[in-house]
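One structure is given below, encoded as structure tokens.
The values are calculated or read from the model by the stated rules, or taken from the named source; none is laboratory data. For clarity, every value in this text was computed on a predicted model and none was experimentally measured. Note that each Cβ is placed from the backbone with ideal geometry, even for glycine, and that neighbours are counted across all protein chains shown.
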Amino acid sequence: MSRTVYVNGEYLPEAQAKISIFDRGFLFADGIYEVSSVLDGKLLDNAAHLARMRRSLRELEMPSPATDEQIAAVQQELIARNDLHEGVVYLQITRGAADRDFAYPADAQPSLVMFTQARAIVDSPAARRGISVVSMQDIRWQRRDIKTVGLLAASMAKQAALNAGADDAWLVEDGLVTEGSSNNAYIVTADGVLVTRHLSNEILHGITRAAVLRLSREDNMTVEERAFSLDEAYAASEAFITSASTFVMPVVKIDDQVIGTGEPGPVSQRLRELYVDAARGDPPT
Ligand code: PDD
């Protein structure tokens, strides 16, 4: 079935959507993106995604092709036209088309592209059994806080993980875990403390991360935002990742080390439940 996608003011069947070969997103990865999840036909935490989008644009001095209200209206229209109940809406802004030159062009029109992806996020077999990750060196650039489409290092890491028979990669810098290939990384220590790396330019400031840390604190968990080593992760009682496209996803194996019992642990399962309940507007149980 062909999706309806959005390209610069037009709703089109996906096969008819086109962008210039001179678009700087294509030539320089000069673009930013956001992925907002959709549950029961509704966008989750979209204001926070749009706020992060604004920050990415600001950091790159990139003009915006639309207001937040206009972008949210297109997201809603795509959800409606594609009858999307569960999945994600992807949006990408690039600096637009200009003859190839490293300097930012003075007069390019920024491009705005959006599409939907249907996906079962809540009822996920991976979440029921937990995923395995392998560690590898974080070879990405130094501004991982900007959500740019320059994702080749992340893509290489994900593929290397799959080639090694694992589900995803945990990236390591100076002996400390930064994050997953497209998600934030967490451990629960033997004495029950939830640990995830502090915010800096070294990781993406996850929207799901912010929500999960808030829910953890409301649930009276002890949370430490600090870097952790692989050895600490190997010894953890639980591990998990978060992102808009996975919510809270238990990690049951890191490299050759089975984590906890090798099955999704109580903290990850509880946080996953709390997150889904909060997303659906259900009171916590
Ligand atoms: N990835 N870290 C990285 C490197 C990411 O790419 C992502 C999101 C996250 C989690 O952020 P959030 O909770 O806001 O989704 C952390 C998206 C889902 C993607 O690229 O598809």
If I ask for residues that are touching a helix residue (DSSP H, G or I) at 6+ places or on another chain (Cβ under 6 Å) and either on the phi > 0 side of the Ramachandran plot or surrounded by fewer than 18 Cβ atoms within 10 Å (Cβ to Cβ) (or both), which ones from segment 80-102 would you list?
100
Give the residue, chosen from 171, 162, 194, that is at pLDDT 95 or above and surrounded by fewer than 17 Cβ atoms within 10 Å (Cβ to Cβ).
162
Residue 32 - would you say it is within 16 Å of the ligand (Cβ to nearest atom) and surrounded by 14 or more Cβ atoms within 10 Å (Cβ to Cβ)?
yes
Among the residues of segment 230-254, count how many are part of a strand (DSSP E or B) and farther than 21 Å from residue 212 by Cα.
2
Would you pick out the residues in segment 23-72 that are within 25 Å of residue 246 (Cβ to Cβ), part of a strand (DSSP E or B) and touching a Gly at 6+ places or on another chain (Cβ under 7 Å)?
31, 38
In segment 3-20, which residues are hydrophobic (A, V, I, L, M, F, W, C) and without any contact (Cβ under 8 Å) to a residue 12 or more places away in the chain?
12
Which of the residues belonging to segment 228-258 are hydrophobic (A, V, I, L, M, F, W, C) and within 12 Å of the ligand (Cβ to nearest atom)?
241, 244, 247, 248, 249
Just one of the numbered conditions (1) assigned to a loop (DSSP other than H, G, I, E, B); (2) of a type in the set (S, T, N, Q); (3) within 16 Å of the ligand (Cβ to nearest atom) is not true of residue 109; which one?
(3)
Which residue, of 123, 83, 40, 68, is touching a Lys or Arg at 6+ places or on another chain (Cβ under 7 Å), away from the ligand (no atom under 16 Å from the Cβ) and among the charged types (D, E, K, R)?
40
Would you confirm whether any residue within segment 255-276 is free of Cβ contacts under 8 Å to residues at least 12 places away in the same chain, part of a strand (DSSP E or B) and within 18 Å of residue 161 (Cα to Cα)?
yes
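Here is a check on your reading of the model: is residue 198 under 18 Å from residue 175 (Cα atoms) and either under 15 Å from the mean Cα position of the chain (by Cα) or part of a loop (DSSP other than H, G, I, E, B) (or both)?
In short, yes.
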Looking at (1) away from the ligand (no atom under 13 Å from the Cβ); (2) surrounded by 20 or more Cβ atoms within 10 Å (Cβ to Cβ); (3) outside any strand (DSSP E or B); (4) of a type in the set (A, V, I, L, M, F, W, C), which is the one condition that is false for residue 133?
(3)
Look through 189, 208, 222, 178 and report the one residue that is touching a Phe, Trp or Tyr at 6+ places or on another chain (Cβ under 9 Å), away from the ligand (no atom under 16 Å from the Cβ) and either without any contact (Cβ under 8 Å) to a residue 12 or more places away in the chain or β-branched (Val, Ile, Thr) (or both).
189
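Name the residue, out of 10, 61, that is more than 11 Å from residue 114 (Cα to Cα), charged (D, E, K, R) and surrounded by fewer than 17 Cβ atoms within 10 Å (Cβ to Cβ).
61
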Pairs under 6 Å by beta carbon, first residue free of Cβ contacts under 8 Å to residues at least 40 places away in the same chain in segment 38-60, partner surrounded by fewer than 17 Cβ atoms within 10 Å (Cβ to Cβ) and among the acidic types (Asp, Glu), six or more apart or different chains?
50/68
Quick check on my filter: what residues within segment 136-160 are in contact (Cβ under 8 Å) with a residue 60 or more places away in the chain and part of a strand (DSSP E or B)?
148
Given (1) buried (at least 18 other Cβ atoms within 10 Å of the Cβ); (2) modelled with pLDDT of 95 or more, index of the condition residue 105 fails:
(1)
